[in-house]
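Trainee: Following this message is one structure expressed as C-alpha cells.
What follows draws every value from the coordinates through simple rules; no lab data is involved. Since this is a predicted model, take the numbers as computed values, not measurements. So basically every Cβ, Gly included, is an ideal-geometry build from the backbone, and we count neighbours across all protein chains shown.
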Amino acid sequence: SQQGEEDPQALSIQEGENATMNCSYKTSINNLQWYRQNSGRGLVHLILIRSNEREKHSGRLRVTLDTSKKSSSLLITASRAADTASYFCATVSTSYGKLTFGQGTILTVHP
Amino acid sequence: DGGITQSPKYLFRKEGQNVTLSCEQNLNHDAMYWYRQDPGQGLRLIYYSQIVNDFQKGDIAEGYSVSREKKESFPLTVTSAQKNPTAFYLCASSIVARKYDQPQHFGDGTRLSIL
C-alpha cells in the first residue's frame, strides 16, 4: 500500500526560486528517504533522515522530519532547470522493513 | 563503473506469453528488489531477495515470478496470469539485507507493453 502522500502533485517555478515538497505518512517509521527520478529513468537516492533526526542538509537540499505530525519536507534552494524531475518520498516503517513510496511531486524549473 | 543494468529497455508481450526482464548488478549488494511503476504513480514492490536462493513476495506478486541463482542477477518473469502487465519495471539493490537504513540503487527500467 502507498503510505507516503506528496504534496503538491506538481510544482512549476522559475530558476533561482526555492522549491518545497511535502510528504505525509501514516505509521511509525524507522527512516524516511527522498529520491529523484528523471523522465524515463530510474530513481536516484538523495537523502535519508532517521526517525530521531529533525533536519538534514546535503548541498542545496534541506530535509525536515516531524514525527509528531508524521510529515517531512524537502526544500531545494536556488533551483536550476536541471532539477526538473519527479521527487518521491519513501518510508521504512518499524513493522515493515521495506521501502514504501509515495506518488511523487513533479517539479518543473523554467530557465 | 558499478551499477545496475536492466534489459531490454523496451519489451512487448503478446497475449498468453511469458516474458523475462533482466537485472544484473556489479555492486556486490546482497539485497535486490523489483518494483512496478504505473503512470503518475509511485513504486509498488513486486518481489525482493535478501540472499542468493531466497526471495519473498512483495505487495503485488500475483502474476510474477523471480529467481536468485546468483548474487549478481535477479530476473523477473511476467507470466500470462498478469492481466495488466503494461508498466515501467524497476530493479534496485541495496548493500545489506535487514538493515533498513540503506539507500537503494536503481537501474534505468524496462518499459513493458502489450501488443
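Trainee: Within 10 Å of each Cβ of A:30-41, how many other protein chain Cβ atoms are there on average?
Mentor: Details: counts 2, 4, 0, 4, 0, 5, 0, 7, 1, 0, 5, 6.
Per-residue shielding by partner chains comes out at 3.
Trainee: So, one more: Which values of log₁₀ I(q)/I(0), to two decimal places, follow from the Debye formula for the protein assembly as shown at q = 0.07, 0.11, 0.16 Å⁻¹ with a uniform point scatterer at every Cα?
Mentor: Relative scattering, expressed as log10 I(q)/I(0), comes to -0.22, -0.54, -1.11.
Trainee: Per residue of B:83-92, what is the mean number of Cβ atoms on other protein chains within 10 angstrom of that residue's Cβ? Spell out each step's value before the answer.
Mentor: Details: counts 0, 0, 0, 0, 0, 4, 0, 4, 1, 4.
Shielding by partners across B:83-92 averages 1.
Trainee: Can you pull a Stokes-Einstein diffusion coefficient for the range A:1-81 at 25 °C (0.890 mPa s), Rh from Kirkwood over Cα pairs, as a whole number of µm²/s?
Mentor: Working: Rh = 13.5 Å.
Answer from the Stokes-Einstein relation: 182 µm²/s.
Trainee: Using a 7 Å offset from the Cα along the Cα-to-Cβ direction at both residue B:113 and residue A:20, what is the distance between the two label points in nm, to one decimal?
Mentor: 4.1 nm
Trainee: So, one more: Quick check: the distance between the Cα centres of the range A:41-105 and the range B:1-69, to the nearest angstrom?
Mentor: If we compute the Cα centre of each part, the gap is 23 Å.
Trainee: Stretched out fully, how many nm does the piece from residue A:64 to residue A:41 gain, at 0.36 nm a residue minus the Cα gap? Show your work: numbers first, answer last.
Mentor: Numbers: separation 23, 0.36 × 23 = 8.28 nm, distance 2.63 nm.
The residue A:64-residue A:41 span can extend by a further 5.6 nm.
Trainee: Roughly how many nanometres apart are two label points built 7 Å out from the Cα toward the Cβ at residue A:7 and residue B:101?
Mentor: Modelled inter-label distance: 2.9 nm.
Trainee: Here's a follow-up. Counting other C-beta atoms within 10 Å, which of A:74, A:61 has the fewest, and how do the rest follow?
Mentor: Values: A:74 25, A:61 16.
Taking fewest neighbouring Cβ atoms as first place, the list is A:61, A:74.
Trainee: To continue, here is another question. If you average over every viewing direction, what projected area does the convex hull of the Cα atoms of the range B:28-115 give, in nm²?
Mentor: Details: hull surface 23.7 nm².
Answer in nm², one decimal: 5.9.
Trainee: For peptide B:103-113, how many partner chain Cβ atoms fall within 10 Å of a residue's Cβ, on average? Write down the numbers at each step before the final one.
Mentor: Working: counts 11, 8, 4, 7, 3, 5, 5, 0, 1, 0, 0.
Partner-chain Cβ atoms within 10 Å, mean over residues of B:103-113: 4.
Trainee: What size of dipole, in debye to the nearest 20, comes out for chain A about its Cα centre when the only charges are +1 on Lys and Arg C-beta atoms and -1 on Asp and Glu C-beta atoms?
Mentor: Details: 12 positive and 9 negative charges, 69 e Å.
Here the size comes out at about 340 debye.
Trainee: In a Gaussian network model over chain A where Cα atoms closer than 10 Å are linked, find which of A:39, A:71, A:51 has the largest mean-square fluctuation.
Mentor: A:39
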